[in-house]
1. Only one residue in GLY54, GLY73, GLY88 is at pLDDT 85 or above and not charged (D, E, K, R). Which one?
2. Do we find a residue being touching a Lys or Arg at 6+ places or on another chain (Cβ under 8 Å), surrounded by 14 or more Cβ atoms within 10 Å (Cβ to Cβ), part of a helix (DSSP H, G or I) and modelled with pLDDT of 90 or more anywhere in segment 13-21?
3. Does segment 22-35 hold any residues that are out of contact with any helix residue (DSSP H, G or I) (no Cβ under 9 Å at 6 or more places or on another chain), over 18 Å from LEU68 (Cα atoms) and surrounded by 10 or more Cβ atoms within 10 Å (Cβ to Cβ), and which are they?
4. Kindly indicate the residue of segment 57-70 that is of a type in the set (A, V, I, L, M, F, W, C) and modelled with pLDDT of 85 or more and also surrounded by the fewest Cβ atoms within 10 Å (Cβ to Cβ) among those meeting that condition.
Amino acid sequence: MIVHALIGVGALVAGLFLFWVRQRARSIYGLCEIAAGVFIVVFTFFPVDPSLSGTDQSQIAVILNQRLAELAGLYVIVRGLDNLGQGGLGPFQEFWNRLFG
């Protein structure tokens with residue numbers, strides 16, 4: 001149970017960092033988004049050949065699915081933070097703007 005909470009906190013921290021990068025270095029973040037999109041498309045249509053890695057195909061599929069789910073989750077966190085910032089935070093808006101630009 002504690003591990004789940006730590007993973008959730010870690011995901012939130014990673015999402016906050018990615019959002020900060022997105023706000024401060026939009027072109028770098030955009031390049032990372034493109035790379036992630038290409039990664040997802042390529043490995044969806046052309047799965048890794050298990051004979052090249054010497055591991056079981058089911059193990060590769062599990063790992064790949066985990067990475068894709070992590071990317072998707074982080075993307076949703078960043079989008080949520082963006083919507084939160086654009087939606088107005090009342091008395092916290094000035095702090096938000098100082099923190100993220």
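The values are calculated or read from the model by the stated rules, or taken from the named source; none is laboratory data. Nothing here was measured: the structure is a model prediction, and the numbers come from that model. So basically every Cβ, Gly included, is an ideal-geometry build from the backbone, and we count neighbours across all protein chains shown.
1. Numbers: GLY54 fails: at pLDDT 85 or above; GLY88 fails: at pLDDT 85 or above.
The match here is GLY73.
2. Looking only at segment 13-21, we keep the residues that are touching a Lys or Arg at 6+ places or on another chain (Cβ under 8 Å), and these are none.
No.
3. The first filter runs over segment 22-35 and keeps only residues out of contact with any helix residue (DSSP H, G or I) (no Cβ under 9 Å at 6 or more places or on another chain), leaving 25-27, 31, 34-35.
Then drop every residue that is not over 18 Å from LEU68 (Cα atoms), which leaves 25-27.
Correct list: ALA25, ARG26.
4. ALA69
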